[in-house]
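Visitor: Have a look at the structure that comes next, please.
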Amino acid sequence: MISPDTDTAALLHRYRPVLQYDSQESFYADSVAIITDLTVPGSTRCNYLKSAAGKVIAARKPKAGQALLKIEFLTAPKYATGVVAKRDDYLDETGRDYVADAAQMHVQPGYADQTYGHAVTDDHGRIWLQYWFFHYYNNKAFFGIGLHEGDWEMIQIRLDPQHKPNVVTYAQHRDAVRCAWADVEREATPDGPASVVYSARGSHASYLRPGIYRDAPVVPDYNDAKGPRVRPDLVVITDRSPSWARWPGRWGSTPKRNFFESDSPRGPREHDQWKDPAGFHASARPFPRGVLAQADAALRATPLVPPTPRIVARREGARAVIAYRIPKPTGSEQEPVGLLVSVDAPGDIHPPATYSFQISALTGEIEHPLELEARPYEVRASAFSQNGLESAIVTTRLAA
């Protein structure tokens, strides 16, 4: 048990981490309310809470007889309407334009850049500080495999008897990595040094360093460390509070279809490490001192990538059209099967709008779905192969 004299909220605030994003990341760690509160201006479209049979339990834009969906509605053992909350209830992200919907919610006041902090002790009385991150969507893979609505990721930090960090665990998909606090990259903050988490683009797996991680499931994980570096605001969560922490359902409507995929996840307290942080740490792969520097170079060495494309961007109405030309692959390069294209307005608070496009030729044009405003944009593009290896990223400007 944590001593009543220990201010765990202060410790969670003091050691909350810094998130480093990839330059093409579209889904930042935001408030859980982005999924319950989504509505589309000028449309009847909104998100829903549904039962396993698909019956609407609550809606953000409720029709007659429906309850209003908001984050406070999610609770257990019963919703405010008296309906029992079940494990197979789920939140449904309608419309399926996840990039645009997440961006819309990210820029509204009160939703952006949050982490959920939970303090727990292990069987030896040691305090662990857990930081949980919610992302609207996981879009790591390019071929419709491994994608899922809603994404919960986390790291944890163990404190010594003097309440100083000594080890960390970074969650990565079904796995995790552990190391000493001395091996964690730290950033100076007004509260003192804070750990840096390199959030893998799309999958949001937590890494200790930037780079290319070819041993990740389905396709490699990437973080080029060229996106924003953000220290999220802290929201403390416990077994009982806020009410949504008790909700047993799934944060999204995606079903698992094969070994490589995952259902939309359940909330933090439904994961084993919520109550057993030491067991989670012990099961993680060790990342001992001295290996990190070697790994930085090794993980960047990715042979047989596709050729780097050349791009030219222009406006056609409210859309960007990108003409591309990819050199013919040589014997040491892979055939490209698609392009990953981001359109981003430098200096604003919108995440990059990143979409993947299947291609059948080495030259052609694609129309990006982002609705442009009267401002300059930066367009980034890379080619990817069938096994998810990517070329270098190229950049061009799109004038206002």
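The values are calculated or read from the model by the stated rules, or taken from the named source; none is laboratory data. Worth saying up front: this structure is predicted, and the values here are computed from it rather than measured. Neighbour counts are summed over all protein chains in view; Cβ atoms, including those assigned to glycine, are modelled from backbone coordinates with ideal geometry.
Visitor: Please state which one of 35, 57 is modelled with pLDDT of 95 or more, outside any loop (DSSP other than H, G, I, E, B) and either touching a Phe, Trp or Tyr at 6+ places or on another chain (Cβ under 6 Å) or over 19 Å from residue 135 (Cβ atoms) (or both).
Guide: None of the others qualify; the one that does is 57.
Visitor: Any chance the stretch 237-246 includes a residue that's of a type in the set (Val, Ile, Thr) and more than 24 Å from residue 86 (Cα to Cα)? Spell out the reasoning first.
Guide: Residues of the stretch 237-246 that are of a type in the set (Val, Ile, Thr), as a first pass: 237-238.
Those left that are additionally more than 24 Å from residue 86 (Cα to Cα): none.
The answer is no; no qualifying residue exists.
Visitor: What are the residues in the stretch 324-345 that are surrounded by fewer than 22 Cβ atoms within 10 Å (Cβ to Cβ) and of a type in the set (D, E, K, R), if any?
Guide: Scanning the stretch 324-345 gives 325, 328, 333, 335.
Visitor: Go through (1) closer than 25 Å to residue 22 by Cβ; (2) loosely packed, with under 14 Cβ neighbours inside 10 Å; (3) among the charged types (D, E, K, R) for residue 231 and report which single condition fails.
Guide: (2)
Visitor: Can you tell me which residue in the stretch 215-228 is nearest to residue 286 (Cα to Cα), limited to those that are touching a residue at least 40 places away in the same chain (Cβ under 8 Å) and surrounded by fewer than 17 Cβ atoms within 10 Å (Cβ to Cβ)?
Guide: For the stretch 215-228, the residue satisfying everything is 225.
Visitor: Looking only at the stretch 348-378, which residues are under 17 Å from residue 24 (Cα atoms), in a loop (DSSP other than H, G, I, E, B) and at pLDDT below 95?
Guide: Across the stretch 348-378, the qualifying residues are 348, 349, 350.
Visitor: Output the residues belonging to the stretch 384-400 that are in a loop (DSSP other than H, G, I, E, B), among the polar types (S, T, N, Q) and within 18 Å of residue 226 (Cβ to Cβ).
Guide: Passing the criteria: only 391.
Visitor: Pick from 390, 365, 373, 378: which is of a type in the set (Asp, Glu), surrounded by fewer than 19 Cβ atoms within 10 Å (Cβ to Cβ) and under 23 Å from the mean Cα position of the chain (by Cα)?
Guide: Among 390, 365, 373, 378, only 378 is of a type in the set (Asp, Glu), surrounded by fewer than 19 Cβ atoms within 10 Å (Cβ to Cβ) and under 23 Å from the mean Cα position of the chain (by Cα).
Visitor: How many of the residues in the stretch 149-189 are in contact (Cβ under 8 Å) with a residue 60 or more places away in the chain and not in a strand (DSSP E or B)?
Guide: Adding up the residues that qualify gives 4.
Visitor: Based on what the data block shows, is residue 381 modelled with pLDDT of 95 or more, touching a Leu at 6+ places or on another chain (Cβ under 7 Å) and either in a strand (DSSP E or B) or within 17 Å of residue 325 (Cβ to Cβ) (or both)?
Guide: yes
Rundown of residues vs (1) within 19 Å of residue 242 (Cα to Cα); (2) in the same structural domain as residue 193 (by TED's automatic domain parsing); (3) aromatic (Phe, Trp, Tyr), yes/no style:
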position: 21; (1), (2), (3): no, yes, yes
position: 54; (1), (2), (3): no, no, no
position: 61; (1), (2), (3): no, no, no
position: 74; (1), (2), (3): yes, no, no
position: 78; (1), (2), (3): yes, no, no
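Visitor: For the stretch 333-342, indicate whether the set of residues that are in contact (Cβ under 8 Å) with a residue 24 or more places away in the chain and more than 23 Å from residue 219 (Cβ to Cβ) is non-empty.
Guide: no
Conditions (1) surrounded by fewer than 19 Cβ atoms within 10 Å (Cβ to Cβ); (2) touching a Gly at 6+ places or on another chain (Cβ under 8 Å); (3) under 28 Å from residue 354 (Cα atoms); (4) not charged (D, E, K, R), marked per residue:
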site	(1), (2), (3), (4)
7	yes, no, no, no
35	no, yes, yes, yes
38	no, no, yes, yes
57	no, no, no, yes
65	yes, no, no, yes
77	yes, no, no, yes
86	yes, yes, no, no
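Visitor: A further question follows. If you go through the stretch 96-113 one residue at a time, do you hit one that is in the same structural domain as residue 168 (by TED's automatic domain parsing), surrounded by 19 or more Cβ atoms within 10 Å (Cβ to Cβ) and on the phi > 0 side of the Ramachandran plot?
Guide: no
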